[in-house]
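S.K.: One structure is given below, represented as structure tokens, and several questions about it will come after.
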Amino acid sequence: MLISKETFQDGSILVLWKMEEDEEQLLAHFDEKREEYRCKIEQFPYPKRRLEFLTSRCVLKEITKCENGIYYNENGKPSLVDNLLKISISHTNGYLTLLAHPEKVVGIDVELKKEKIFRVKHKYLSSYELENIDPNKEMEHLLLYWSAKEAIFKMMDIRDIDFIKDLHINRFKIDKEGVMEAYETRTPANLQFKLNYRIYDDFVMVWGFI
């Protein structure tokens, strides 16, 4: 079910979808590719993966009004076959989001609120970043850091990135929504990023583009 579809002044399009439909309901969204997709999902052993595949194509059709094909490069980065838009996709436990832009490289990540984030925080945060965590909103803050680094990772499209040594999030004040600034030291370009974030009841979402 479509929850929201937003088009921003910078040309980006953001769609959030709650995955409530079954396979047949999702397949009903398609005309030209219905049977192709039906055959494709039969290759997936897990029902969750089948639903994610179909939902991502439904969201894309919501944006483009046509049935575009998606291919993935060696790093798993998705692209449209016709290159009409640059896209990034993320999903977590019943939700899927897709970010698109006609020219800029995009990255998006959505993360469910789970206790696991407390156990793994030292695997992706520097000492500086850990010092800046708001103890009153620790889970949300930790998830935003993780999502920000995932979004940057998707934009950079490079293997062997160290989330602690290569990706750096500047200090930011946590709110229901806002902007985060970050930079990378993995490449000679030392790219800088401005990332938008939102906190929902069940998950957080971070997105940006370069």
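The values are calculated or read from the model by the stated rules, or taken from the named source; none is laboratory data. Note that this is a predicted model, so its numbers are computed, not measured. No Cβ is skipped: glycine too gets one built from the backbone with ideal geometry, and neighbour counts run over all protein chains shown.
S.K.: Pairs only if they're at least six apart or on different chains, beta carbon under 6 angstrom, first in region 129-146 and in contact (Cβ under 8 Å) with a residue 12 or more places away in the chain, second part of a helix (DSSP H, G or I) and hydrophobic (A, V, I, L, M, F, W, C); list them, first residue then second.
M.R.: Close Cβ pairs (under 6 Å, with a partner that is part of a helix (DSSP H, G or I) and hydrophobic (A, V, I, L, M, F, W, C)) amount to Leu142/Ile117; Leu143/Ile117.
S.K.: Any residue at all in region 51-65 that is among the acidic types (Asp, Glu) and closer than 19 Å to Asp202 by Cβ?
M.R.: Yes, region 51-65 has at least one match.
S.K.: Now for a separate question. Would you check which residues across region 57-72 are at pLDDT 85 or above and among the aromatic types (Phe, Trp, Tyr) and list them?
M.R.: Tyr72, the sole residue that qualifies.
S.K.: To continue, here is another question. Which of the following residues is under 19 Å from Glu138 (Cα atoms), out of contact with any Cys (no Cβ under 9 Å at 6 or more places or on another chain) and in contact (Cβ under 8 Å) with a residue 60 or more places away in the chain: Asp202, Asp157, Asp175?
M.R.: The unique qualifying residue is Asp202.
S.K.: Out of the residues in region 88-123 that are of a type in the set (Ser, Thr, Tyr) and out of contact with any Asp or Glu (no Cβ under 7 Å at 6 or more places or on another chain), state the one that is nearest to Glu21 (Cα to Cα).
M.R.: Only one residue fits best here, namely Tyr95.
S.K.: Given the criteria over 19 Å from the mean Cα position of the chain (by Cα), assigned by TED's automatic domain parsing to the domain that holds Tyr95 and among the aromatic types (Phe, Trp, Tyr), does Phe44 qualify?
M.R.: Considered against the rule, which asks whether it is over 19 Å from the mean Cα position of the chain (by Cα), assigned by TED's automatic domain parsing to the domain that holds Tyr95 and among the aromatic types (Phe, Trp, Tyr), Phe44 comes out as yes.
S.K.: Go through region 31-65 and count every residue that is outside any helix (DSSP H, G or I) and of a type in the set (Asp, Glu).
M.R.: The total comes to 3.
S.K.: Determine whether region 68-85 contains at least one residue that is aromatic (Phe, Trp, Tyr) and in a helix (DSSP H, G or I).
M.R.: no
S.K.: Report the residue count in region 42-87 for those that are among the acidic types (Asp, Glu) and over 24 Å from Asp157 (Cα atoms).
M.R.: Matching residues across region 42-87 total 3.
S.K.: Moving on to the next point. Given the options Leu125, Leu167, Leu144, name the one that is in contact with a helix residue (DSSP H, G or I) (Cβ under 9 Å, 6 or more places away or on another chain), of a type outside the set (Asp, Glu) and closer than 18 Å to Ser90 by Cβ.
M.R.: One residue alone meets the criteria, Leu167.
S.K.: Identify all residues within region 73-91 that are under 25 Å from Val204 (Cα atoms) and either exposed (fewer than 11 other Cβ atoms within 10 Å of the Cβ) or at pLDDT 90 or above (or both); write none if there are none.
M.R.: Of everything in region 73-91, those that are under 25 Å from Val204 (Cα atoms) and either exposed (fewer than 11 other Cβ atoms within 10 Å of the Cβ) or at pLDDT 90 or above (or both) turn out to be Gly76, Lys86, Ile87, Ser88, Ile89, Ser90, His91.
S.K.: Within region 120-134, is there a residue that is more than 17 Å from the chain's Cα centre (by Cα), more than 27 Å from His101 (Cα to Cα) and small (Gly, Ala, Ser)?
M.R.: Yes, some residue in region 120-134 is more than 17 Å from the chain's Cα centre (by Cα), more than 27 Å from His101 (Cα to Cα) and small (Gly, Ala, Ser).
S.K.: Among the listed residues Glu23, Glu52, identify the single one that is among the acidic types (Asp, Glu), under 14 Å from the mean Cα position of the chain (by Cα) and surrounded by 13 or more Cβ atoms within 10 Å (Cβ to Cβ).
M.R.: After applying the criteria, what remains is Glu52.
S.K.: Then there is this: Mind checking which residues of region 157-187 are of a type in the set (Gly, Ala, Ser) and farther than 22 Å from Lys77 by Cβ?
M.R.: If the condition is that a residue be of a type in the set (Gly, Ala, Ser) and farther than 22 Å from Lys77 by Cβ, then Gly178 is the only one that fits.
S.K.: Check every one of the strands (runs of 3 or more DSSP E) wholly within region 161-210 and list those with 2 or more residues that are charged (D, E, K, R).
M.R.: 177-184, 192-199
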